[in-house]
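The values are calculated or read from the model by the stated rules, or taken from the named source; none is laboratory data. All values derive from a computational prediction rather than experimental measurement. Glycine also receives a Cβ, built like all others from the backbone with ideal geometry; neighbour counts cover every protein chain displayed.
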Amino acid sequence: MEDFDQFSVTEAVIAQMANTPDARLREIMESAVRHMHAFARDVNLTPSEWLMGIKFMTDVGKACTPFRQEFVLLSDVLGLSSLVNVLHDGTRMESGTDTSLLGPFYREGAPAMALGDSIARLTDGPRIMVFGQVRDAEGRGIPHASLQVWQTDEHGEYDLQKHDPKTMDDRGCFTCDGEGRFHFRSVRPLGYTIPMDGPVGALVTAQTRHGCRPAHIHFLISAEGYRELTTSVYLGDDQYIDTDTVFGVSKALIVHAEMGVPGSPDPSLPSIRYDFSLAKASATDSMSRVGSDPSKLVAA
Ligand code: BEZ
Ligand code: FE
């Protein structure tokens, strides 16, 4: 029996977990314990501070519903979702479009639409055209790739924030044509503040952060034999393009909705052209999404 000091307690915990049969669980938990203990030593964590931390995480859990994922939001504002995405992109077999956040507003079961349809069915803002091609790493179109799209309306609101949860708007599922091309109509999305009325919003407020995301359109793209791509395109003229609260923007994902874009299927509308590139799937590829439809994590 030894008396623990601030270092030997860490080793004792790791020794007690050392027989964990699942090697990956063992590796993750050993590292998590080492980092959490180092963090407590680093800030000289007091009992009342740790109790505040436990209360905060309890509140985060309580804020989760089938329509809201406060833990994903916490991961997002801490940059952890973005870090996991960058690590994930680093394991690709070949180059591809950058991953960006799935976010808490993704929903399964968005309506299937025909190419050219408008995803904005109940929304009445300035119209835009979005078009492009889903390609492989060599630049060849991937026939019949599927594309899920979701975005805010012209006021910066998702359908979930303004309708009853069963009503879907500003989202849809498309199948690309035989050359991987897609086009759809929409409204010009507006940027928005992340949900600020819960514990994560309280943290962001305490840090005097603005809590905003630049305007964007989300995409979840898949095709047989390719790694699923979760990404977004961001409107470059948004005032928050350089200070996204959840660190989702990368230079390669910045676009502009403008007139005169060559090849636009509707030249009368400001248009965005974006060509996505999918990497081939490897045998060890895991799911690409940090997040999920909230109803999959908390039963209704
Ligand atoms: C979103 O883009 O939908 C989103 C991502 C992270 C936090 C909040 C919203
Ligand atoms: Fe979003």
| task | Would you tally the residues in the stretch 237-258 being out of contact with any strand residue (DSSP E or B) (no Cβ under 9 Å at 6 or more places or on another chain) and more than 24 Å from Phe71 (Cβ to Cβ)? | result | 4
| Of the numbered conditions (1) touching a residue at least 40 places away in the same chain (Cβ under 8 Å); (2) surrounded by fewer than 16 Cβ atoms within 10 Å (Cβ to Cβ); (3) within 16 Å of ligand 1 (Cβ to nearest atom), Val86 satisfies every one except a single condition; which is it? | (1)
| Which numbered condition Thr175 misses (of (1) away from ligand 1 (no atom under 12 Å from the Cβ); (2) of a type in the set (S, T, N, Q); (3) closer than 23 Å to Leu269 by Cβ; (4) under 16 Å from the mean Cα position of the chain (by Cα)) | (4)
| query | When you go through His218, His155, His183, His163 one by one, which is the residue that is in the same structural domain as Val233 (by TED's automatic domain parsing), surrounded by fewer than 19 Cβ atoms within 10 Å (Cβ to Cβ) and modelled with pLDDT of 95 or more? | reply | His155
| said: Just to be sure I understand the filter: pairs with C-beta atoms under 9 Å, separated by 6 or more residues or on different chains, first member in the stretch 39-62 and loosely packed, with under 10 Cβ neighbours inside 10 Å, second member assigned to a helix (DSSP H, G or I). Which pairs pass? | reply: Val43/Glu49
| said: Residues that are within 20 Å of Gly248 (Cβ to Cβ), at least 2 per element: which strands (runs of 3 or more DSSP E) completely within the stretch 134-207 meet that? | reply: 146-151
| query | Only one of Leu190, Leu101 is surrounded by fewer than 21 Cβ atoms within 10 Å (Cβ to Cβ) and of a type in the set (A, V, I, L, M); which? | reply | Leu190
| Only one of Ile241, Ile272 is more than 17 Å from Pro104 (Cα to Cα), part of a strand (DSSP E or B) and in contact with a Leu (Cβ under 9 Å, 6 or more places away or on another chain); which? | Ile272
| field | Among (1) more than 30 Å from Gly191 (Cα to Cα); (2) outside any helix (DSSP H, G or I); (3) in contact (Cβ under 8 Å) with a residue 24 or more places away in the chain - the single one Arg34 does not satisfy | value | (2)
| field | the stretch 1-26 residues that are farther than 23 Å from Asn44 by Cα and in the same structural domain as Ala40 (by TED's automatic domain parsing), paired with ones that are surrounded by 11 or more Cβ atoms within 10 Å (Cβ to Cβ) and charged (D, E, K, R) (beta carbon under 6 Å, 6 or more apart) | value | Thr20/Arg26
| So His210, is it within 20 Å of the chain's Cα centre (by Cα), buried (at least 23 other Cβ atoms within 10 Å of the Cβ), within 23 Å of Asp159 (Cα to Cα) and at pLDDT 95 or above | no
| field | All positions within the stretch 75-121 that are away from ligand 2 (no atom under 15 Å from the Cβ) and part of a helix (DSSP H, G or I) | value | Leu80, Leu83, Val84, Val86, Leu87, His88, Asp89
| field | Filtered residues of the stretch 213-226 (kept if over 16 Å from the mean Cα position of the chain (by Cα), in contact (Cβ under 8 Å) with a residue 24 or more places away in the chain and either near ligand 1 (Cβ under 10 Å from one of its atoms) or not in a strand (DSSP E or B) (or both)) | value | Ala223, Gly225
